[in-house]
Amino acid sequence: MKKMKNIKYYLILIAVILLSPMGVQAQVVEKPNISYTSNPRSIEIGGINVEGIKNYEDYVLIGLSGLSVGQTISLPGDEITNAVKRYWKHGLFSNVKIEADSIVDNKVYLKIILAQRPRISDIIYSGIKKSEREDLTNKVGLLKGSQITPNIIDRTKLVVKRYFDDKGFKNADIQVIQEQDKDNEDQMIVHIDIDKKEKVKVNEITIVGNDVLKTKKIKNLMKKTNEKGKLANFFKTKKFIEEKYEEDKNRVIEKYNELGYRDATIVEDSISPFDDNTVNVFLKIDEGQKYYVRNINWVGNTVLMTDQLNSSLQMKSGDVYNQTHMNKRLTGDEDAIGNYYYNNGYVFFGVDPVEINVDNDSVDLEMRITEGPQARISHVRIMGNDRLYEHVVRRELRTKPGDLFSKAALERSYREIAQMGHFNPENINPDVKPDATNGTVDINYILESKANDQIEFSAGWGQTGVIGKIALKFTNFSMRNLFNKEARRRAFLPQGDGQTFTISGQTNGSYYQSYSVSFLDPWFGNKRPNSFSVTAFYSKQTDVSSNYYNSAYMNNMYNYMYGYGSYGYGGYGGYGYNSYENFYDPDKSVQLYGITVGFGKRLRWPDDYFTLSGMLTYQRYQLKDWKYFIIQNGNSNNINLTVDLSRNSTDNQIFPRRGSEFSLSGTITPPWSKFDGKDYSKLANDYYSPKYQEELAEKYKWIEYYKIKFHSKTYTALSGGAKCPVLMTRADFGILGAFNSNKKSPFETFYVGGDGMTGYSSSYATETIALRGYENGSLTPYGYEGYAYSRLGLELRYPLMLETSTSIYALTFLEGGNAWIDAKKFNPFDMKRSAGVGVRIFLPMIGMMGIDWAYGFDKPWGNKSYGGSQFHFIIGQEF
């Protein structure tokens, strides 16, 4: 019965289906048959499907087409054509096809078939050096994972070709080859094969048509296009670079203009191959005639009177028409007319020198001035600063909202930011944006932060074993946040206020220890640029026991008598039993400790590059059986006041190109001998007296002296641009004087010669002065302490790398100096001479390092070994 019911159910269901509309007439799905000869039909997009791409979502790919579901299009029509063009325009696909998959109820269902271009799995350069590969990687911009397009391949060839053209390899052959990556589907290995070939150099330069300037003079004007094989060009570049050649041609015409030949032109020039690796250069010059200034008329000036403008221009009727001089006086020189306007808010200033009349050899000039309104600074923005609190940067700026715009203030702000040391000076970019509508100026300082903290680890070997040193210098310390938990959570030490905190230690264990800690706030009180500093220091050096010397003497005698010397059996010297480390004697020592407090103030007169500072120092020396110094037992005290007047106008801390720095300082102690009532002529006169050391201790219990020092450096850029040679000159001298000829200070003398790096053996009593080309201290050996010194130097520097992470420059120098045991015999022109070469490397975490080779030409104290060939290593400081 149940089975009959199920059959009945199915029969009824079939009958319903057959009698329904769907059963009567099923819907027919049309296969698209699109005729491109008949009129287009309007149709709605019912759906879009994408095939062939795995790495993108469908909605992203559909979006590139510009088509969307529900959109009405013409079929056939421009919408489909434009969609295909959009895909090709993106350059990401190697094949594009759009089909009408089906048409139902006047709705078209589209199928987009795409073939993706392969991606880059690796980039391999061949035929070039590592440094060139690194440069090209940055310039070409190819990235692993990016897609390869014909445009990218063409651009790669162009960039690489241009790169080697600029280096003189004009015949370089560049091939970009794509290789299927066997390990990765749809990925390619890009091979950039480079055959640089030989550099293309200049064989000969032929110049015709010149009478005013001799051929030799013109060739000298062409700084970057020089003939090979000429002795005069030995140190000049001989490679031919099109861009530099064009600059040289302009330089020649500028020289003619400078001499009054305003019509001078190069009417013909050509470059012809001489052989595979050299070219010949041909120039034909039409010099024209020489012109003179007849009349100068000023138009549009209201701020400066005509007489003032004529005086500043430094040109008058009858002068040679020197266009180079005219342009410099209008806008180029530091005291140019334009700079007067720019420094007084006239940021919209412009001047156009127009030749209104040229009559025979005379020129009438009309100087058309547009002064515009004075502009005030509206906004000052600081960008890229992620190290300092913003007010720490702003306090250094000379451009403040509401002030009249000043070019000089802008340049000074640049210098002050660079001098802070927290930003890359090569990338400081003040972006000035005048707004003529409002008569205001916005200034954006675009900065690039750099690490400026320094850490020094060093180790050396001395007679008493290994000497290790560690120094930490934090240049962005924040004392006010020292106990702020939130600030300390962000860094090991609180940062942001630009203060300097330094801690250092040097030791080899028992024999020598030295520790110091210092703090400097360049804006003490945070209102004015008044500096406050405090330094505390302690050092102790011990001697070896006299048993060492006695044992060593007996061991040597024993070895000599019994023949064991070469093996060290006698006294076990060969195994280190007689070394210094085993004869430590804490009862023989010298200890030094003290504190220095300083205060400095930036002056406004003669200008605000000047700083006046004062330092009060107390030092105490404790000597106990110390036979290496004139005083072997006793305590000596040194209370002194130092006043220093200095000026620093350099433009860069690491590699200055312009400006100068000098300081004149005087240090003085109380003249104890003037009021203590002692007759020092009767103290410590007899070396063999049993009271000699006791009298010395009494004589130098309170040290007295005066000390005068002068240091100066100047920096002159020898060409334009950031990467230019710089000439540095130096002049230094120092004198240590006495209030009482019977109480000359044995402390604070000058230790002259060598690398200038302080050694622990003498730093407690002397000031170290470098003089390259000579042994350390060779000009002031023991017993001939320096009470005066002088030093003159000339140094030529050239930057090899100026980056945020590393700065490197090479140098060559001439140097001379001397020291005198009697200040009355001081003669700054009696010098020990030297010359040499070197290199400096600045690493932010370490500081300045370098190595110099120098040759000393003279014989200090008649000893040839003190001079001659010398190598000097520098860590953490520079000469």
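For the pair D173 and V208, what calculated FRET efficiency results from E = 1/(1 + (r/R0)^6), where r is the Cβ-Cβ distance and R0 = 45 Å, to the nearest 0.05?
The calculated FRET efficiency here is 0.80.
For the cross-link pairs K239/K284; K54/K157; K627/K682; K196/K228; K139/K723; K139/K284, which exceed 28 Å when the distance is taken from alpha carbon to alpha carbon? Write out the running numbers ahead of the final one.
Details: K239/K284 21 Å; K54/K157 30 Å; K627/K682 23 Å; K196/K228 20 Å; K139/K723 19 Å; K139/K284 37 Å.
In this structure, K54/K157; K139/K284 exceed 28 Å between Cα atoms.
Can you pull the one-decimal nm distance between simple spin-label points at R251 and K197, each 7 Å off the Cα toward Cβ?
So the two model labels end up 2.7 nm from each other.
Can you give me the % of accessible surface on the chain that is carbon or sulfur? Probe 1.4 Å, all protein chains present, nothing else counted.
Numbers: 25330 of 47600 Å².
On the chain, the fraction of accessible area on carbon and sulfur atoms equals 53 percent.
Kindly sort E79, E366, E803 by accessible area of their heavy atoms, largest first, with the probe set to 1.4 Å. List each step's numbers first, then the result.
On the way: E79 55, E366 35, E803 105 Å².
Final ranking, largest accessible area leading: E803, E79, E366.
Quick one: dipole size for the stretch 396-457, taken about the Cα centre, charges +1 on Lys/Arg Cβ and -1 on Asp/Glu Cβ, in debye to the nearest 20. All intermediate terms of the calculation are to be shown ahead of the outcome.
Working: 7 positive and 11 negative charges, 52 e Å.
With only Lys, Arg, Asp and Glu charged at Cβ, the dipole is about 240 debye.
Put +1 on the Cβ of every Lys and Arg and -1 on every Asp and Glu Cβ in the chain; which of N301, L664, F829 then has its Cα farthest towards the positive end of the dipole?
Value computed over the given set: L664.
At a probe size of 1.4 Å, how large is the accessible area of F599, to the nearest 10 Å²?
Near enough 100 Å² of accessible area.
How do E334, E396 rank by accessible surface area computed with a 1.4 Å probe, from largest to smallest? Please list the in-between numbers first.
On the way: E334 170, E396 20 Å².
Putting E334, E396 in descending order of accessible area: E334, E396.
Work out how much length H90 to A722 would gain on full extension: take 0.36 nm times their residue separation and subtract the Cα-Cα distance, in nm to one decimal.
Going from the current span to full extension adds 223.6 nm.
Give the accessible area for E179 in Å² (nearest 10); use a 1.4 Å probe, count only protein heavy atoms, and leave out ligands, DNA and RNA.
80
So if R0 is 56 Å, what FRET efficiency would L603 and V299 give, r being the distance between their Cβ atoms, rounded to the nearest 0.05? Mind showing how you got there, number by number?
Values: r = 43 Å, r/R0 = 0.76.
For R0 = 56 Å, the calculated efficiency reads 0.85.
If ligands, DNA and RNA are left out, what is the accessible area of H90 with a 1.4 Å probe, given in Å² to the nearest 10?
Estimated to the nearest 10 Å², H90 gives 90 Å².
Starting from the Cα-Cα distance between K433 and K825, subtract it from 0.36 nm times their residue separation and give me the gain in nm to one decimal.
Working: separation 392, 0.36 × 392 = 141.12 nm, distance 6.07 nm.
Difference between extended and current length: 135.1 nm.
What FRET efficiency would be calculated for the residue pair Y538, F483, taking the C-beta separation as r and a Förster radius of 22 Å, to the nearest 0.05?
Working: r = 26 Å, r/R0 = 1.17.
Using R0 = 22 Å, I get an efficiency of 0.30.
Computed over the Cα atoms, what is the radius of gyration of the stretch 308-372 divided by 2.2 N^0.38 Å, N being its residue count?
On the way: Rg = 12.4 Å, N = 65, 2.2 N^0.38 = 10.7 Å.
Ratio of Cα Rg to 2.2 N^0.38 Å: 1.16.
Sticking with the crude label model, points 7 Å out along Cα→Cβ, report the distance from I356 to D335 in nm, one decimal please.
The two pseudo-label positions are separated by 2.9 nm.
Out of all DSSP beta bridges with both ends in the chain, state the antiparallel percent to the nearest 5. Walk me through the intermediate numbers first.
On the way: 217 of 258 bridges.
Antiparallel bridges: around 85 percent, rounded to the nearest 5.
Under unit Cβ charges (Lys, Arg +1; Asp, Glu -1), what dipole magnitude, rounded to 20 debye, does the stretch 35-92 have relative to its Cα centre?
Details: 5 positive and 6 negative charges, 41 e Å.
The calculated dipole for the stretch 35-92 is roughly 200 debye.
Quick one: length gained pulling R381 to R368 fully straight, 0.36 nm per residue minus the C-alpha distance? The partial results should precede the final answer.
Working: separation 13, 0.36 × 13 = 4.68 nm, distance 3.41 nm.
Working it through step by step, the gained length comes to 1.3 nm.
Using alpha-carbon pairs under 8 Å, 6+ residues apart, how would you state the relative contact order of the chain in percent? The partial results should precede the final answer.
Details: 1900 pairs, mean separation 39.8, N = 879.
RCO, the chain: 5 percent.
Tally Lys/Arg at +1 and Asp/Glu at -1 over every other residue whose Cβ is under 11 Å from the Cβ of A684; what's the total?
Values: positive: K682, K691, K699, K743; negative: D686, E694, E695, E698.
So the environment of A684 carries a net charge of 0.
Under a Cβ-Cβ cut-off of 10 Å, what is the net charge of the residues other than V212 that fall near it, where Lys and Arg count +1 and Asp and Glu count -1?
Numbers: positive: K214, K217, K255, K290; negative: D211, E287.
That sum, taken over residues with Cβ under 10 Å, equals +2.
Along its principal axes, what span do the Cα atoms of the chain show, with the longest given first and each in whole Å?
Projected onto the principal axes, the Cα atoms of the chain cover 142, 114, 64 Å.
Where the centroid of each part is defined by its Cα atoms, how far is the stretch 470-541 from the stretch 273-316 in Å?
57
At 1.4 Å probe size, put W853, W861 in order of accessible surface, largest to smallest. It would help to have the intermediate numbers written out before the result.
Numbers: W853 90, W861 135 Å².
Sorted descending by solvent-accessible area, the residues read W861, W853.
Roughly how many whole Å is it from the C-alpha centroid of the stretch 341-378 to that of the stretch 784-853?
First find each Cα centre; the distance between them is then 47 Å.
The values are calculated or read from the model by the stated rules, or taken from the named source; none is laboratory data. Quantities reported herein were computed from a predicted structural model and do not represent experimental measurements. Every residue, glycine among them, receives a Cβ derived from its backbone with ideal geometry; neighbour counts consider all protein chains shown. Please note that ligands, DNA and RNA were not included when accessible areas were found on the heavy atoms of the full protein model with its side chains. Shrake-Rupley method; radii C 1.70, N 1.55, O 1.52, S 1.80 Å.
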